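Data first, discussion second: the structure below is written as structure tokens.
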Amino acid sequence: MTSRPLFKVALAGLVLLVALGVVWWRGADRADDAGPPPPVAATPSTATASNAAVAPPPAAHAGPREEIPLPGCWDGLAALDQSATLESLHAAVASAIQARDTALVAYLQERLTELVGKDPDRALQLVAWAVNAAPPEPAIYLEALKAAPAVRHPRVTEKLLAVAENKSLFTQDRAAVLDALETQHHFTPETRGRIKAIALDESADSAAWVATRTLGRVMKEDYERTGTYAPYWKDLLDIGTTSDDTAVRLLALEMPSYSNPLLDSDSIDTLAKVMRTDKERDVREMAAFRLAVTEDPQKALAAYRAAFDGEHDLCVRWAFLRFAVRAAGADALPLVEEFARKDPRLRQDYLDFKALYASGTTDFARIWMGKKEHHDCVVEEGAPH
Amino acid sequence: MGPRLLWLSLLPGLALAQGAPLPVPTKTACTVEGMLDEVRVAMKTGSPAYRKYARLRLKEAAIAMPPEALGRAVSEERDPAVLEAVGAALATKASNAQKPELLQPLLSRASQDADPGLRAAAVRALQGSPSVEFMAKNGDVVTYEQLVRDSSPEVRKAVVENLVTESSGIYFGHNPELAEAAVKVAAASGDPAVASRLLGEVSMEAASPEVVRKLTGQLRSEDAGLRAAAAKALGGVPGSESAGARRSLTSLYRSDSDLAVRKASLEGIARLGQAQSRPVLESLRGVDKRLDPELDAWLSALQKNLQEWHLILREKQRLSP
């Protein structure tokens with residue numbers, strides 16, 4: 001893994017996702033609205049990070065009214081801001097896009113959010129513009145809407161759902177609308193059912209994928225607000241075990257990673273079966289990842305043990321090993337030793353983990369930061385595997 | 001006003017739609033003065049979105065701006081919000097160019113301005129830059145230990161925010177210098193609220209043995225808030241320091257009669273050993289009956305054998321906030 005040194009300084013949570021080999025997102029065809037936020041590989045100082053990305057500044061000559069090459073500036077923006085209406089901001093969006101000024105686009109989007117506020121009629125105006133505009137405009141209106149409290153007004157939610165279900169629209173437009181539903185605090189059983197139906201619709205393509213992600217993101221929101229995850233997870237587990245689209249199955253199983261609920265014992269059985277039987281390596285690895293945070297770590301260890309002999313892919317075996325450690329810490333070391341005995345390619349991993357626990361560290365987030373990588377198993381975006 | 005016009009005036013939306021054209025901004029060249037003017041207008045009368053845009057745009061442009069112009073603006077600005085925006089642009093430029101000396105005008109404002117609001121703004125402007133490292137490279141003429149003794153609570157609060165943000169946002173908790181700065185600044189502050197927040201929120205993951213020793217020394221502080229913060233922070237020290245830290249915290253729980261200090265000691269012990277700390281926690285039952293329910297909550301959370309501290313803490317807070 002070439003970027004390993006960068007991981008050393010990344011956020012623990014993201015590190016776990018990334019380095020444990022589960023961060024994965026769609027290839028170029030769907031990258032625009034792809035999965036959970038990609039890993040942030042941070043560096044020890046912003047300076048180093050910025051230096052890599054920005055050319056050296058041109059020779060500085062102090063002088064009056066010297067023109068700065070970047071970025072573009074705008075006359076009349078303060079006046080627009082002062083008297084902003086939905087219409088005036090809408091009119092300015094085209095200029096910002098034409099000038100490829102992403103900062104101005106971001107401003108207009110945020111100003112739209114401010115103007116919409118809690119007003120459902122204004123929110124519906126954004127939906128109407130989104131439905132009728134050509135890319136990249138719809139994303140601007142829908143992102144603006146997503147951040148406004150009005151997106152949770154029943155009339156607005158219903159309108160978004162109706163558009164998302166409309167099979168006469170392009171799937172990418174339906175996907176963009178589904179994405180705008182992800183800031184809901186809660187889904188009713190009826191809404192979950194409608195979104196799940198899109199997720200399981202083979203013809204929905206990218207909309208099915210985003211529907212799955214939206215279910216997962218609202219699960220996170222609801223879980224963090226109220227502790228509720230089970231009904232969403234049941235739907236996701238159904239999707240993860242029945243969808244014909246590998247990417248959708250994978251995503252469904254990935255979504256709890258972002259809130260880490262302790263999965264119940266019945267889920268362990270289902271996931272253990274996926275881990276033994278799914279035909280895709282990625283999906284089996286994801287099921288192994290999911291088993292690392294449950295109500296019953298010992299049962300999870302038993303599932304890893306039961307799956308090990310039948311698994312012949314080294315990368316999946318390595319996943320069983322590290323997720324067993326994540327599930328049970330030092331208590332997993334006897335099982336890890338057993339794995340290393342059966343497959344000597346994993347011996348160094350056993351020795352590494354044993355030494356790390358002997359050092360007095362207990363938090364797996366820190367253990368993992370100190371773990372050397374010996375296998376070439378991380379799948380880069382878009383790479384064949 | 002005739003009847004027809006009166007009717008139209010009752011429908012202002014319609015009148016507007018048919019009347020004045022919508023104002024659309026037009027592109028213009030960027031100049032230092034123009035951008036500074038824009039920041040001043042935005043900070044004074046702009047919407048939150050416009051203020052954010054103007055601040056970000058100035059930061060972005062600062063990379064190509066002559067440092068003298070920004071330094072001058074930092075030295076002369078009288079409005080706190082504008083000083084913070086211009087100072088942040090200068091700090092971005094300093095870190096981008098790896099020139100710590102560019103921060104000097106900002107450090108002067110932070111330490112010497114007569115107006116506490118402007119001093120606080122100058123401190124806040126450093127947020128998001130590697131300020132601890134850059135202060136050291138400027139010869140430690142201005143340090144956070146000095147700034148945290150400011151008479152203004154607003155300045156002291158800005159110091160804390162900077163260190164907390166720098167530890168988590170720039171170094172992701174893995175920086176020994178930040179751990180050291182937090183412990184030193186907490187000791188220097190004389191403000192228990194400041195010290196508690198620093199020790200409670202700056203990661204001790206990379207703390208050196210020397211810093212751990214200082215932190216342990218703070219368990220004997222006269223201020224109970226500081227003792228509690230130090231106890232909680234000791235829970236986060238590196239594994240190589242955990243045995244000593246555990247002994248200190250166990251002894252603290254037995255000897256310190258302050259409820260908050262004892263509560264923090266339990267958290268520190270739980271964090272150091274996670275599931276393995278259960279026997280130590282059990283041994284403390286009955287020392288203070290008021291805290292036995294708290295102890296039980298930790299034991300229940302640890303019973304689940306979760307392996308990541310943030311998950312254990314979440315489970316415990318569910319049982320007993």
Of the residues in segment B:270-287 that are crowded, with 18+ Cβ neighbours inside 10 Å and farther than 23 Å from A:Arg326 by Cβ, the one that is farthest from the other protein chains (Cβ to nearest Cβ) is B:Leu284
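Filter segment B:302-321 down to the residues that are of a type in the set (S, T, N, Q) and either farther than 20 Å from B:Arg290 by Cα or facing chain A (nearest Cβ under 8 Å) (or both) and list them by number.
The answer is B:Gln303, B:Asn305, B:Gln307.
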For segment A:349-371, how many residues meet the condition of being aromatic (Phe, Trp, Tyr) and at the interface with another protein chain (Cβ under 7 Å from one of its Cβ atoms)?
-> 1
Which of the residues belonging to segment A:79-100 are among the aliphatic types (A, V, I, L, M), touching a Pro at 6+ places or on another chain (Cβ under 9 Å) and either at the interface with chain B (Cβ under 7 Å from one of its Cβ atoms) or buried (at least 20 other Cβ atoms within 10 Å of the Cβ) (or both)?
-> A:Ala79, A:Leu80, A:Ala91, A:Ala92, A:Ala96
Can you name the residue in segment A:194-237 that is within 21 Å of A:Asp264 (Cβ to Cβ) and among the small types (Gly, Ala, Ser) and, of all such residues, is surrounded by the fewest Cβ atoms within 10 Å (Cβ to Cβ)?
-> A:Gly227
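Within the group B:Phe134, B:Phe172, which residue is over 30 Å from B:Glu33 (Cβ atoms), within 14 Å of chain A (Cβ to nearest Cβ) and of a type outside the set (Ser, Thr, Tyr)?
Criteria check complete, one pass: B:Phe172.
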State all residues of segment B:27-51 that are surrounded by fewer than 20 Cβ atoms within 10 Å (Cβ to Cβ) and facing chain A (nearest Cβ under 7 Å); if no residue qualifies, say none.
-> B:Lys27, B:Thr28, B:Ala29, B:Thr31, B:Glu33, B:Gly34, B:Val41, B:Thr45, B:Ser47, B:Pro48
Filtered residues of segment A:195-234 (kept if touching a residue at least 12 places away in the same chain (Cβ under 8 Å) and of a type in the set (D, E, K, R)) = A:Lys196, A:Glu202, A:Asp205, A:Arg213, A:Arg217, A:Lys220, A:Glu221, A:Asp222, A:Glu224, A:Arg225
If we scan segment B:184-206, do we find a residue that is closer than 25 Å to B:Val280 by Cα, modelled with pLDDT of 95 or more and part of a helix (DSSP H, G or I)?
-> no
For residues that are in contact with a Lys or Arg (Cβ under 9 Å, 6 or more places away or on another chain) and outside any helix (DSSP H, G or I), tally how many sit in segment A:195-207.
-> 2
Any chance segment B:228-242 includes a residue that's within 24 Å of A:Gly370 (Cβ to Cβ), among the acidic types (Asp, Glu) and within 13 Å of chain A (Cβ to nearest Cβ)?
-> yes
Based on what the data block shows, is B:Ser167 crowded, with 23+ Cβ neighbours inside 10 Å, hydroxyl-bearing (Ser, Thr, Tyr) and either in a helix (DSSP H, G or I) or touching a residue at least 24 places away in the same chain (Cβ under 8 Å) (or both)?
-> yes
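A quick yes/no check of all residues on (1) within 14 Å of chain B (Cβ to nearest Cβ); (2) over 18 Å from the mean Cα position of the chain (by Cα); (3) in contact (Cβ under 8 Å) with a residue 40 or more places away in the chain:
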{"position": "A:Ser243", "(1), (2), (3)": "no, yes, yes"}
{"position": "A:Thr246", "(1), (2), (3)": "no, no, no"}
{"position": "A:Ala252", "(1), (2), (3)": "no, no, yes"}
{"position": "A:Met255", "(1), (2), (3)": "no, no, yes"}
Can you tell me which residue in segment B:69-105 is farthest from the other protein chains (Cβ to nearest Cβ), limited to those that are out of contact with any Leu (no Cβ under 7 Å at 6 or more places or on another chain) and closer than 16 Å to B:Gly34 by Cα?
-> B:Val82
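The values are calculated or read from the model by the stated rules, or taken from the named source; none is laboratory data. Model, not experiment: these values are computed from the prediction. Quick reminder, even Gly has a Cβ in these numbers, built from the backbone with ideal geometry, and neighbours come from all protein chains shown.
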